[in-house]
Amino acid sequence: MNVSEAKKRAEDESVEEVVTSLFDNIEKSELNAFITLAKESALKEARKVDRNGAKGALGGIPIALKDCISTKGIETTCGSRILKGYVPPYDAHVVERLRAEGAIIIGKTNMDEFAMGPSTETSYFGPTKNPHDLSRVAGGSSGGSAAAVAGEGVPIALGSDTGGSVRCPASFCGIVGLKPTYGLVSRYGLIAYANSLEQIGPFACNVEDVALLLNVIAGYDPRDSTSMDKKCEYTKELRDDVSDVKIGVPKEFFGEGIDEDVEKAVWDGIKILEDVGASYTEISLPHTKYSLAAYYIIAMSEASSNLARFDGLRYGLRLGKDEDWHTTFSEIRAQGFGEEVKRRVLLGTYALSAGYYGKYYLKALKVRTLVKRNFDAALKDVDVLITPTMPFPAFKIGEKTDDPLALYLADVNTVPINLAGVPSISVPCGFSGKLPIGMQIIGRHFDEGKILRMAYTFERHAGVRC
Amino acid sequence: MLKSRKEPGDVIIGLEVHVQLNKLNSKLFCGCSPKYHDAEPNTHTCPVCLGLPGALPVLNEGAVVDAVKVALALNCKIEERTLFYRKNYYYLDLPKGFQISQYDYPIAIDGKISVNGTGGGERHIRIRRVHIEEDPARLVHKGPIECSRYSLIDYNRSGVALIEVVTEPDLRSPKEAREFLNVLRNILEYLDVFDESLEGALRVDANISLAGGTRTEVKNISSYRGVEKALLFEIVRQKNLVRRGIKITQETRHYDEKRGVTISLRTKEEEQDYRYFPEPDLVPLGVCNRIDDIRESLPELPDTKRQRFVQQYGISEYHAKVLTSELRLSNFFETVASEIDPILSATWIADVLKGELNYRGLGISAFPPKHMIQILQILRGKNITEKSAVQVIRTILDRGGEPADIIKQKGLIKVEESTIAKAVAEAIKENPAAVQDCRNGKNEALHFLMGQVMKKTHGRADPNIVNKLLKEKLQCT
């Protein structure tokens, strides 16, 4: 169900009907897309809209939020046992914006614990399944949000993207997902995994709805020092015209480990855009190969510090034993965090410790600068870059869980974008068997308008929709 | 026989002084008020200063301006680009598991101020750096810290802006350390960046070693006297250890203000690893383009004011130093000196009034300047004696009241010359022996007769007149 269908159904029946039937879908579903359903408050809101009429850009439209986005009065766990029972006393900036525009929050979606993973398998609440094949992962870390849109009829959802966490599940579930430019959407209220890399991003069945949602959540917020005043009317950018666009195709993103079907589908996609007027050239981003290493060092380092506050002292998991404080903290963290979180905290702690800081963290920052320069240089010559979003379609649940390094490699095409801070959208561009494939369109800083227009034009001509 | 051991050498002291910017309207990274001192625990908090998941810091520009002011007053070099870092460590009072502080690229480096050295003469104390950081929460213990069964946490203090002034290890005695703090406190008071009367407004960590020896760190000393006493205790403790051939361990010690001793808090096997890295939620900050404006906004500082007092009012260097040692005292002096001869004013304020205030543990605000002006006017008109003037000051401090009323009530108006002459005549008549002695040149006899006259006039006679009249009558010199 997309936004205009939801609006129509609300007019024909009522918002309450729309929301009720969504909850029916979710409760019947085997996808495990949600951690918490906000049934009571959502229905109350729905009835209010039915009584007073829809107000705002998203009046009466149901939305699902990734469980790392703080919602006042709704439990927010980050997919972790350590935050079980934590009910934030405040709304994230994006949630304030959504409420102001009349959206109805229906629940909090499943995710990799603290957004660490490309498969939603590290969630304390169990993995989310892929709507196209229940034996496969939905992608991650925003797997719950993507599956809710693709498989349960939720019109729009928000995720967060640190190294591909919106684009990966969008690609695996066959929907549209956007990682905005760093600084476009306020992170206030987003429970941090790796602050310098992550952005909140929208999911929807089509590009128009993604643009509509971006209209609502983008914009300056004085509570986030990295927030910028660069917003525009994204829905107005959606024209079926790419004749002025120069596409760059970076060869490093089509390298080893890319599935044949994926490679073909993306090249076919580029052809379609060429056929409707865009031009393309092959280019090179030579430092791409160091991106993964730099990304993981930076992300884990920041995570090791961000996750220090979870000690069970004031909120979240409490074991009920009173010992001296170091023992209490240690036990809560030992039992509250999952294996992948512990692995990343330990590696991050190691990378930041005296004697290793220069060798790892500082070096990673230097690589990051080089990667950023690669993108800046490339995006001077061309308007956008096109690559596969994921090197392969959704893999089987459990297939890669024993091999964390193999799992880290899945992010190879998405993390360089987070290092550079540029915007990037994943749009469905075909199938491998019954499994969807995503095409990634990357743009200049704050040039969301152009990549949305590219995605919109492609969507109209390729005819691949969820 | 005991083997001769090498005597411990010089004392080496370095200070880290934490100053709470408690006059700002908000904390360092959020909008909460830092004026929590009279509030119920945990009432001045928000998601940011509680470190709740998802909350982000936003830098309070006022704190940056204050820090630049302090740095300029300490003759520091302001860095072109300043950065915030996370200092990671676990402690109960740290809600995020890290403190946002500055590490590389502090706001200012390389300053110096001069203090009076213990052995006389000026000594230059180098300032290594000035940086900005947030205050942690406050732990409240039941009983002494080392045997308390539990801690209560008050987050009202969490996130209050601090500046930390770090000296080079240039101080050579506990007294010098205290002198340094006095000079620093004086500058901070002039800059109007903190209210030192509030709990926790100024806290000192002191590093101390004997030349060539291991150093210990005494943490969280919260009074000037405490710094001197804690350092003295540490020196004696360290010297005793050295004499007994025991190795000094590098450790962090707590100063117990009540007992006047330092206690080992934790032994540092090695330097604690804080895993500093740049705070990703705050962007680098450049203050260069504002330094000139801030410099222009600086008030007159103690050193400059002292020099001006000497030049403008012609008072002594000593008086100028006393009068500028507190901002309000210096203002008090200038108010009085605008009406009364500055040299007379300086003497009465610096020598008399200040002494009376110190004796009573009072500040200058306890005495209105207009009263000083009145007293000095009456004194200058020779209507009361100096002794009576002191009595008026004491009465005002102890019980309050207007100078004129007190003089009237206590009958302090100087007696007329004719009354004195009468008393002189009486004293001469009643004490022939003393008169004789006096004529024989015995000074004590003259003093005795003066005493008799003062007694008869209830101490209200001008001693100069009594002296003059007695000498005339007795024709002695």
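The values are calculated or read from the model by the stated rules, or taken from the named source; none is laboratory data. Note that the coordinates shown come from a computational prediction; the quantities given were computed from them, not determined experimentally. Virtual Cβ from ideal backbone geometry, glycine too; neighbours counted across all protein chains shown. Just so you know, the surface numbers come from the protein's heavy atoms only, side chains and all, with ligands and any DNA or RNA stripped out. Shrake-Rupley method; radii C 1.70, N 1.55, O 1.52, S 1.80 Å.
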Query raised in the report: Applying the selection to segment A:245-258, what residues are in contact (Cβ under 8 Å) with a residue 60 or more places away in the chain and either surrounded by 16 or more Cβ atoms within 10 Å (Cβ to Cβ) or farther than 18 Å from A:Gln440 by Cα (or both)?
Result: A:Val245, A:Ile247, A:Gly248, A:Val249, A:Pro250, A:Phe253, A:Phe254, A:Ile258
Requested in this report: Could you check B:Tyr255 against (1) within 14 Å of another protein chain (Cβ to nearest Cβ); (2) of a type outside the set (Lys, Arg); (3) surrounded by 13 or more Cβ atoms within 10 Å (Cβ to Cβ) and say which number it fails?
Outcome: (1)
Query - Odd one out for A:Glu302 among (1) touching a residue at least 60 places away in the same chain (Cβ under 8 Å); (2) surrounded by fewer than 24 Cβ atoms within 10 Å (Cβ to Cβ); (3) among the charged types (D, E, K, R) - result: (2)
Query - When residues of segment B:238-252 are limited to those that are among the basic types (Lys, Arg) and over 12 Å from B:Ser209 (Cβ atoms), the one least open to solvent (accessible area, probe 1.4 Å) - result: B:Arg243
Query raised in the report: Out of all the residues in segment A:1-32, which are within 13 Å of A:Gly151 (Cα to Cα) and open to solvent by 60 Å² or more (accessible area, probe 1.4 Å)?
Result: A:Asp24, A:Asn25, A:Glu27, A:Lys28, A:Glu30
Requested in this report: List every residue pair whose Cβ atoms sit under 7 Å apart, with the two residues 6 or more apart in sequence or on different chains, where the first one lies in segment B:343-354 and is on the phi < 0 side of the Ramachandran plot and open to solvent by less than 30 Å² (accessible area, probe 1.4 Å) and the second, anywhere, is outside any helix (DSSP H, G or I) and of a type in the set (Val, Ile, Thr).
Outcome: B:Ala346/B:Ile315
Query raised in the report: Does at least one position in segment A:394-409 carry a residue that is under 30 Å from A:Ser243 (Cα atoms), in contact with a strand residue (DSSP E or B) (Cβ under 9 Å, 6 or more places away or on another chain), away from chain B (no Cβ under 11 Å) and open to solvent by less than 70 Å² (accessible area, probe 1.4 Å)?
Result: no
Report summary line: A careful count of residues in segment A:101-127 that are over 10 Å from A:Ile35 (Cα atoms), touching a residue at least 60 places away in the same chain (Cβ under 8 Å) and of a type in the set (Val, Ile, Thr) gives 4
Query raised in the report: Does segment B:47-61 contain any residue that is open to solvent by 40 Å² or more (accessible area, probe 1.4 Å) and more than 14 Å from chain A (Cβ to nearest Cβ)?
Result: no
Query raised in the report: Any chance segment B:206-228 includes a residue that's surrounded by 13 or more Cβ atoms within 10 Å (Cβ to Cβ) and without any contact (Cβ under 8 Å) to a residue 24 or more places away in the chain?
Result: no
Requested in this report: Working only within segment B:55-80, note down all residues that are outside any helix (DSSP H, G or I), farther than 15 Å from B:Ala161 by Cα and of a type in the set (A, V, I, L, M).
Outcome: B:Ala55, B:Leu56, B:Leu74, B:Ile78
Query raised in the report: For segment B:391-477, which fully contained helices (runs of 4 or more DSSP H) count at least 1 residues that are at pLDDT 80 or above, open to solvent by less than 20 Å² (accessible area, probe 1.4 Å) and not hydrophobic (A, V, I, L, M, F, W, C)?
Result: B:403-409
Query raised in the report: Given A:Ile35, A:Ile105, A:Ile63, which one is in a strand (DSSP E or B) and open to solvent by 20 Å² or more (accessible area, probe 1.4 Å)?
Result: A:Ile35
Query raised in the report: So, in segment A:74-99, of the ones that are more than 14 Å from chain B (Cβ to nearest Cβ) and in contact (Cβ under 8 Å) with a residue 60 or more places away in the chain, which residue ends up least open to solvent (accessible area, probe 1.4 Å)?
Result: A:Leu98
Query raised in the report: Can you pull out the residues in segment A:130-142 that are buried (at least 24 other Cβ atoms within 10 Å of the Cβ), not in a strand (DSSP E or B) and not polar (S, T, N, Q)?
Result: A:Pro131, A:Ala138, A:Gly139, A:Gly140
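Please enumerate the residues belonging to segment B:230-252 that are among the aliphatic types (A, V, I, L, M) and either within 14 Å of chain A (Cβ to nearest Cβ) or out of contact with any Phe, Trp or Tyr (no Cβ under 6 Å at 6 or more places or on another chain) (or both).
We begin by selecting, within segment B:230-252, every residue among the aliphatic types (A, V, I, L, M); these are B:230-232, B:235-236, B:241-242, B:246, B:248.
Passing the criteria: B:Leu231, B:Leu232, B:Ile235, B:Val236, B:Leu241, B:Val242, B:Ile246, B:Ile248.
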Report task. Test A:Arg343 against the criterion of being farther than 30 Å from A:Glu282 by Cα, touching a helix residue (DSSP H, G or I) at 6+ places or on another chain (Cβ under 8 Å) and either open to solvent by 60 Å² or more (accessible area, probe 1.4 Å) or more than 9 Å from every other protein chain (Cβ to nearest Cβ) (or both), and give yes or no. Result -> yes
Report summary line: Within segment A:143-164, residues open to solvent by less than 10 Å² (accessible area, probe 1.4 Å), of a type outside the set (D, E, K, R) and not in a strand (DSSP E or B) come out as A:Gly143, A:Gly144, A:Ser145, A:Ala146, A:Ala147, A:Ala148, A:Val149, A:Val154, A:Pro155, A:Thr162, A:Gly163, A:Gly164
Report task. Please work out if A:Ser426 is of a type in the set (S, T, N, Q), more than 14 Å from every other protein chain (Cβ to nearest Cβ) and on the phi < 0 side of the Ramachandran plot. Result -> yes
Requested in this report: Test B:Thr335 against the criterion of being open to solvent by less than 20 Å² (accessible area, probe 1.4 Å) and either closer than 25 Å to B:Ile113 by Cα or of a type in the set (Ser, Thr, Tyr) (or both), and give yes or no.
Outcome: no
Report summary line: Exactly one of B:Pro284, B:Pro299 is within 14 Å of chain A (Cβ to nearest Cβ) and either exposed (fewer than 15 other Cβ atoms within 10 Å of the Cβ) or at pLDDT below 85 (or both), and that residue is B:Pro284
**Report entry** Positions within segment B:210-238 being within 19 Å of B:Arg266 (Cα to Cα) and not in a helix (DSSP H, G or I), in sequence order
**Finding:** B:Gly213, B:Thr214, B:Arg215, B:Thr216, B:Glu217, B:Val218, B:Lys219, B:Asn220, B:Ile221
